[in-house]
Amino acid sequence: MPQTTSLLDNAEIATALRAAASLMRRSYHAVALVGAGLSAESGIPTYRGTGGIWTKFGEPTIDGWDFFQDDPAGWWRYAIEHKVGGSDFTDAIDRAAPNAGHYALADLEHMGRLAHVITQNIDNLHQVAGSRLVTEIHGNRFKVRCMECGARDRLETIDLERLPPHCPECGGVYKNDTVMFGEPIPKDALDECYRQALQADLFLTVGTSAVVYPAADFPVLAKRRGAPLIEINPEETGLTDIADVVIRAPAGIALPALVDLLLVP
Ligand code: APR
(Lines give C-alpha, C1' and ligand atoms only; values in the text may rest on other atoms or scores of the structure.)
Protein backbone atom coordinates (compact mmCIF):
# COMPACT_ATOMS: atom_id res chain seq x y z
CA MET A 1 0.00 0.00 0.00
CA PRO A 2 1.70 3.29 -1.08
CA GLN A 3 0.49 4.98 2.13
CA THR A 4 2.18 2.30 4.26
CA THR A 5 5.61 2.57 2.69
CA SER A 6 5.61 6.40 2.62
CA LEU A 7 4.57 6.64 6.28
CA LEU A 8 7.02 3.99 7.41
CA ASP A 9 9.72 5.84 5.45
CA ASN A 10 9.00 8.81 7.71
CA ALA A 11 12.05 8.98 10.01
CA GLU A 12 10.05 10.22 13.02
CA ILE A 13 7.49 7.41 12.77
CA ALA A 14 10.18 4.78 12.15
CA THR A 15 12.10 5.97 15.24
CA ALA A 16 8.93 5.92 17.34
CA LEU A 17 8.07 2.41 16.16
CA ARG A 18 11.53 1.15 17.09
CA ALA A 19 11.25 2.77 20.53
CA ALA A 20 7.80 1.22 21.05
CA ALA A 21 9.06 -2.22 19.97
CA SER A 22 11.97 -1.94 22.39
CA LEU A 23 9.57 -1.13 25.26
CA MET A 24 7.32 -4.04 24.28
CA ARG A 25 10.24 -6.47 24.21
CA ARG A 26 11.01 -5.56 27.84
CA SER A 27 7.37 -5.68 28.99
CA TYR A 28 5.68 -8.59 30.77
CA HIS A 29 2.17 -7.15 30.96
CA ALA A 30 1.35 -4.67 28.21
CA VAL A 31 -2.24 -3.38 28.14
CA ALA A 32 -3.91 -1.41 25.33
CA LEU A 33 -6.83 1.01 25.57
CA VAL A 34 -8.51 1.01 22.16
CA GLY A 35 -10.95 3.53 20.70
CA ALA A 36 -13.02 4.19 17.60
CA GLY A 37 -9.91 5.16 15.60
CA LEU A 38 -8.93 1.50 15.35
CA SER A 39 -12.20 0.71 13.57
CA ALA A 40 -12.09 3.81 11.35
CA GLU A 41 -10.12 1.78 8.79
CA SER A 42 -12.96 -0.77 8.84
CA GLY A 43 -15.35 1.92 7.65
CA ILE A 44 -16.89 2.72 11.05
CA PRO A 45 -16.88 6.49 11.62
CA THR A 46 -15.21 7.88 14.74
CA TYR A 47 -17.11 10.16 17.09
CA ARG A 48 -14.58 13.00 17.44
CA GLY A 49 -11.51 14.23 15.58
CA THR A 50 -11.30 14.76 11.83
CA GLY A 51 -14.36 13.28 10.09
CA GLY A 52 -16.01 12.14 13.35
CA ILE A 53 -19.81 11.86 13.26
CA TRP A 54 -20.12 14.10 16.32
CA THR A 55 -17.59 16.51 14.86
CA LYS A 56 -19.92 16.75 11.85
CA PHE A 57 -23.41 16.43 13.33
CA GLY A 58 -23.00 17.23 17.05
CA GLU A 59 -23.52 14.91 19.98
CA PRO A 60 -26.77 12.85 20.10
CA THR A 61 -29.39 13.19 22.81
CA ILE A 62 -28.33 11.21 25.86
CA ASP A 63 -31.72 10.15 27.23
CA GLY A 64 -31.55 6.48 26.21
CA TRP A 65 -30.75 5.24 29.72
CA ASP A 66 -33.63 7.21 31.30
CA PHE A 67 -35.96 5.97 28.57
CA PHE A 68 -34.92 2.34 29.20
CA GLN A 69 -35.34 2.62 32.98
CA ASP A 70 -38.78 4.26 32.65
CA ASP A 71 -40.13 1.90 29.98
CA PRO A 72 -37.94 -1.11 29.05
CA ALA A 73 -40.66 -2.58 26.78
CA GLY A 74 -41.10 0.78 25.01
CA TRP A 75 -37.32 1.13 24.67
CA TRP A 76 -37.11 -2.33 23.07
CA ARG A 77 -39.95 -1.49 20.64
CA TYR A 78 -38.10 1.69 19.62
CA ALA A 79 -34.77 -0.13 19.36
CA ILE A 80 -36.24 -2.84 17.12
CA GLU A 81 -37.88 -0.26 14.82
CA HIS A 82 -34.64 1.77 14.82
CA LYS A 83 -32.57 -1.32 13.94
CA VAL A 84 -34.99 -2.04 11.06
CA GLY A 85 -34.49 1.57 9.91
CA GLY A 86 -30.78 1.35 10.72
CA SER A 87 -28.51 4.35 10.78
CA ASP A 88 -25.25 5.10 9.02
CA PHE A 89 -23.32 4.25 12.17
CA THR A 90 -25.09 0.99 13.04
CA ASP A 91 -25.18 -0.10 9.39
CA ALA A 92 -21.41 0.58 9.14
CA ILE A 93 -20.86 -1.66 12.17
CA ASP A 94 -23.04 -4.43 10.72
CA ARG A 95 -21.04 -4.29 7.44
CA ALA A 96 -17.60 -3.92 9.03
CA ALA A 97 -14.77 -6.46 8.99
CA PRO A 98 -11.57 -6.34 11.06
CA ASN A 99 -8.70 -4.37 9.53
CA ALA A 100 -4.92 -4.90 9.74
CA GLY A 101 -4.89 -3.11 13.10
CA HIS A 102 -7.33 -5.57 14.68
CA TYR A 103 -5.35 -8.55 13.33
CA ALA A 104 -2.09 -7.05 14.56
CA LEU A 105 -3.49 -6.71 18.10
CA ALA A 106 -4.56 -10.38 17.95
CA ASP A 107 -1.04 -11.29 16.71
CA LEU A 108 0.53 -9.36 19.61
CA GLU A 109 -1.69 -11.29 22.04
CA HIS A 110 -0.75 -14.64 20.44
CA MET A 111 2.95 -13.61 20.52
CA GLY A 112 2.65 -12.99 24.26
CA ARG A 113 3.42 -9.29 23.73
CA LEU A 114 -0.04 -7.96 24.69
CA ALA A 115 -1.69 -9.13 27.92
CA HIS A 116 -5.05 -7.38 27.53
CA VAL A 117 -7.12 -5.07 25.37
CA ILE A 118 -9.57 -2.67 26.99
CA THR A 119 -11.80 -1.62 24.11
CA GLN A 120 -14.29 1.24 24.03
CA ASN A 121 -15.61 -0.14 20.73
CA ILE A 122 -18.86 -2.10 20.60
CA ASP A 123 -18.28 -3.61 17.14
CA ASN A 124 -16.97 -7.08 18.14
CA LEU A 125 -14.13 -6.75 15.61
CA HIS A 126 -11.39 -7.69 18.11
CA GLN A 127 -13.04 -11.08 18.66
CA VAL A 128 -13.61 -11.63 14.94
CA ALA A 129 -9.89 -10.89 14.37
CA GLY A 130 -8.90 -13.50 16.97
CA SER A 131 -8.26 -11.50 20.15
CA ARG A 132 -9.46 -13.30 23.27
CA LEU A 133 -8.09 -11.22 26.15
CA VAL A 134 -10.52 -8.32 25.69
CA THR A 135 -12.72 -6.28 28.05
CA GLU A 136 -15.49 -4.33 26.32
CA ILE A 137 -15.93 -1.42 28.72
CA HIS A 138 -18.78 0.07 26.65
CA GLY A 139 -20.36 -3.28 25.83
CA ASN A 140 -20.94 -5.16 22.61
CA ARG A 141 -23.59 -4.21 20.05
CA PHE A 142 -24.33 -7.87 19.28
CA LYS A 143 -25.04 -8.89 22.90
CA VAL A 144 -27.71 -8.40 25.57
CA ARG A 145 -27.02 -8.09 29.30
CA CYS A 146 -29.28 -8.95 32.26
CA MET A 147 -29.94 -5.93 34.46
CA GLU A 148 -30.15 -8.18 37.54
CA CYS A 149 -27.38 -10.79 37.32
CA GLY A 150 -25.22 -9.31 34.54
CA ALA A 151 -25.41 -12.48 32.41
CA ARG A 152 -24.75 -11.75 28.73
CA ASP A 153 -26.05 -13.56 25.67
CA ARG A 154 -25.99 -13.08 21.90
CA LEU A 155 -28.76 -10.71 20.75
CA GLU A 156 -29.64 -12.96 17.80
CA THR A 157 -30.62 -15.82 20.16
CA ILE A 158 -33.11 -13.73 22.17
CA ASP A 159 -36.88 -14.15 21.68
CA LEU A 160 -38.16 -10.62 20.98
CA GLU A 161 -41.82 -11.63 20.73
CA ARG A 162 -42.45 -10.69 24.39
CA LEU A 163 -40.91 -7.33 25.38
CA PRO A 164 -38.88 -6.66 27.34
CA PRO A 165 -36.96 -9.96 26.98
CA HIS A 166 -36.05 -11.65 30.25
CA CYS A 167 -32.93 -13.45 31.44
CA PRO A 168 -33.50 -17.24 31.56
CA GLU A 169 -31.07 -17.44 34.52
CA CYS A 170 -32.75 -15.07 36.97
CA GLY A 171 -35.80 -13.59 35.20
CA GLY A 172 -34.24 -10.13 35.18
CA VAL A 173 -34.88 -7.71 32.31
CA TYR A 174 -32.47 -7.92 29.38
CA LYS A 175 -31.01 -4.71 27.92
CA ASN A 176 -28.73 -4.46 24.89
CA ASP A 177 -25.13 -4.75 26.13
CA THR A 178 -24.04 -1.39 24.67
CA VAL A 179 -23.52 1.00 27.61
CA MET A 180 -25.63 4.13 27.19
CA PHE A 181 -24.63 7.62 28.32
CA GLY A 182 -25.52 7.93 32.00
CA GLU A 183 -25.63 4.14 32.46
CA PRO A 184 -23.10 2.79 34.98
CA ILE A 185 -20.28 0.74 33.44
CA PRO A 186 -21.00 -2.95 34.28
CA LYS A 187 -19.11 -3.82 37.49
CA ASP A 188 -17.41 -6.93 36.11
CA ALA A 189 -15.98 -4.99 33.15
CA LEU A 190 -14.91 -2.01 35.28
CA ASP A 191 -13.20 -4.22 37.89
CA GLU A 192 -11.26 -6.05 35.15
CA CYS A 193 -10.14 -2.75 33.56
CA TYR A 194 -8.78 -1.43 36.86
CA ARG A 195 -7.11 -4.82 37.54
CA GLN A 196 -5.38 -4.61 34.16
CA ALA A 197 -4.34 -0.96 34.58
CA LEU A 198 -2.83 -1.82 38.00
CA GLN A 199 -0.92 -4.81 36.56
CA ALA A 200 0.32 -3.06 33.42
CA ASP A 201 4.06 -2.49 33.10
CA LEU A 202 3.45 -0.86 29.68
CA PHE A 203 0.33 0.93 28.41
CA LEU A 204 -0.70 1.68 24.83
CA THR A 205 -3.52 3.95 23.67
CA VAL A 206 -4.71 3.12 20.16
CA GLY A 207 -7.17 5.30 18.25
CA THR A 208 -8.77 7.01 21.19
CA SER A 209 -9.24 10.70 21.97
CA ALA A 210 -9.07 9.67 25.65
CA VAL A 211 -11.79 12.12 26.71
CA VAL A 212 -14.40 9.69 28.07
CA TYR A 213 -14.15 8.42 31.65
CA PRO A 214 -13.51 6.06 33.32
CA ALA A 215 -11.74 4.62 30.20
CA ALA A 216 -9.42 7.63 29.93
CA ASP A 217 -8.35 7.03 33.56
CA PHE A 218 -6.55 3.76 32.83
CA PRO A 219 -3.53 5.05 30.84
CA VAL A 220 -3.01 7.81 33.45
CA LEU A 221 -3.29 5.30 36.31
CA ALA A 222 -0.69 3.03 34.67
CA LYS A 223 1.59 5.97 33.87
CA ARG A 224 1.40 7.19 37.49
CA ARG A 225 2.55 3.73 38.59
CA GLY A 226 5.60 4.04 36.34
CA ALA A 227 4.41 2.20 33.22
CA PRO A 228 5.68 3.82 29.99
CA LEU A 229 2.87 5.11 27.74
CA ILE A 230 2.75 4.63 23.95
CA GLU A 231 0.20 6.64 21.91
CA ILE A 232 -0.85 5.46 18.43
CA ASN A 233 -2.99 8.14 16.78
CA PRO A 234 -2.65 10.31 13.64
CA GLU A 235 -3.76 13.29 15.77
CA GLU A 236 -2.69 14.77 19.10
CA THR A 237 -4.76 13.94 22.19
CA GLY A 238 -4.90 15.05 25.81
CA LEU A 239 -2.45 12.25 26.63
CA THR A 240 0.18 13.20 24.04
CA ASP A 241 2.11 15.33 26.54
CA ILE A 242 2.54 12.46 29.01
CA ALA A 243 3.25 9.78 26.38
CA ASP A 244 6.77 8.33 26.32
CA VAL A 245 6.42 7.32 22.67
CA VAL A 246 4.03 8.91 20.13
CA ILE A 247 3.43 7.06 16.85
CA ARG A 248 1.66 9.71 14.74
CA ALA A 249 0.21 7.20 12.25
CA PRO A 250 -3.00 5.22 11.60
CA ALA A 251 -3.33 2.09 13.73
CA GLY A 252 -3.75 -0.08 10.62
CA ILE A 253 -0.19 0.84 9.62
CA ALA A 254 1.52 1.29 13.01
CA LEU A 255 0.35 -1.96 14.65
CA PRO A 256 1.38 -4.35 11.82
CA ALA A 257 4.73 -2.51 11.66
CA LEU A 258 5.13 -3.14 15.41
CA VAL A 259 4.38 -6.84 14.90
CA ASP A 260 7.01 -7.01 12.12
CA LEU A 261 9.64 -5.37 14.36
CA LEU A 262 8.83 -7.77 17.22
CA LEU A 263 9.10 -10.80 14.94
CA VAL A 264 12.76 -9.93 14.34
CA PRO A 265 14.77 -11.50 17.21
N1 APR B 1 -5.81 5.05 13.58
C2 APR B 1 -5.66 5.48 14.86
N3 APR B 1 -6.38 6.49 15.38
C4 APR B 1 -7.28 7.09 14.58
C5 APR B 1 -7.48 6.71 13.24
C6 APR B 1 -6.70 5.64 12.75
N7 APR B 1 -6.82 5.21 11.48
N8 APR B 1 -8.46 7.52 12.71
C9 APR B 1 -8.84 8.37 13.70
N10 APR B 1 -8.13 8.13 14.81
C11 APR B 1 -8.22 8.77 16.12
C12 APR B 1 -8.73 10.20 16.12
O13 APR B 1 -7.65 11.11 15.94
C14 APR B 1 -9.31 10.31 17.54
O15 APR B 1 -8.33 10.76 18.45
O16 APR B 1 -9.18 8.04 16.85
C17 APR B 1 -9.71 8.87 17.88
C18 APR B 1 -11.20 8.64 17.94
O19 APR B 1 -11.68 9.39 19.03
P20 APR B 1 -13.24 9.29 19.39
O21 APR B 1 -14.05 9.43 18.13
O22 APR B 1 -13.47 10.23 20.52
O23 APR B 1 -13.45 7.80 19.86
P24 APR B 1 -13.16 7.19 21.28
O25 APR B 1 -11.93 7.76 21.87
O26 APR B 1 -13.23 5.73 21.11
O27 APR B 1 -14.45 7.68 22.12
C28 APR B 1 -14.61 7.12 23.40
O29 APR B 1 -16.80 8.12 23.51
O30 APR B 1 -18.55 8.54 22.20
C31 APR B 1 -18.16 7.79 23.24
O32 APR B 1 -18.83 5.63 23.89
C33 APR B 1 -18.23 6.35 22.85
O34 APR B 1 -16.58 4.61 23.11
C35 APR B 1 -16.76 5.96 22.71
C36 APR B 1 -16.08 6.91 23.66
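Whether any residue in segment 171-194 is of a type in the set (Gly, Ala, Ser), within 22 Å of Val245 (Cβ to Cβ) and either touching a strand residue (DSSP E or B) at 6+ places or on another chain (Cβ under 6 Å) or at pLDDT below 95 (or both) is what I want to check.
no
Can you find a residue that is open to solvent by less than 50 Å² (accessible area, probe 1.4 Å), in contact with a Pro (Cβ under 7 Å, 6 or more places away or on another chain) and either hydroxyl-bearing (Ser, Thr, Tyr) or under 26 Å from Tyr194 (Cβ atoms) (or both) anywhere in segment 113-123?
no
Check every one of the strands (runs of 3 or more DSSP E) wholly within segment 151-265 and list those with 1 or more residues that are farther than 27 Å from Ser6 by Cβ and out of contact with any Asp or Glu (no Cβ under 6 Å at 6 or more places or on another chain).
Qualifying strands (runs of 3 or more DSSP E): 152-154, 174-176, 202-206.
Mind telling me which of the residues Arg48, Arg25, Arg77 ends up being closer than 30 Å to Val259 by Cβ and away from the ligand (no atom under 16 Å from the Cβ)?
Values: Arg48 fails: away from the ligand (no atom under 16 Å from the Cβ); Arg77 fails: closer than 30 Å to Val259 by Cβ.
Exactly one residue qualifies, and that residue is Arg25.
Is there a residue in segment 189-197 that is open to solvent by less than 10 Å² (accessible area, probe 1.4 Å), within 14 Å of the ligand (Cβ to nearest atom) and in contact with a helix residue (DSSP H, G or I) (Cβ under 7 Å, 6 or more places away or on another chain)?
There is at least one residue in segment 189-197 that is open to solvent by less than 10 Å² (accessible area, probe 1.4 Å), within 14 Å of the ligand (Cβ to nearest atom) and in contact with a helix residue (DSSP H, G or I) (Cβ under 7 Å, 6 or more places away or on another chain).
Out of all the residues in segment 141-162, is one or more polar (S, T, N, Q) and in contact with a strand residue (DSSP E or B) (Cβ under 8 Å, 6 or more places away or on another chain)?
no
Please return the ranges of helices (runs of 4 or more DSSP H) entirely within segment 9-107 where 3 or more residues are among the aliphatic types (A, V, I, L, M).
Counting at least 3 such residues, we get 11-26, 36-40, 72-85.
The values are calculated or read from the model by the stated rules, or taken from the named source; none is laboratory data. Note that the structure is a prediction, hence the values are computed from the model and not measured. Because the Cβ atoms are built from the backbone with ideal geometry, glycine has one as well, and the counts that use them run over all protein chains shown. We work out accessible area using only protein heavy atoms, side chains counted, and drop any ligands, DNA or RNA first. Shrake-Rupley method; radii C 1.70, N 1.55, O 1.52, S 1.80 Å.
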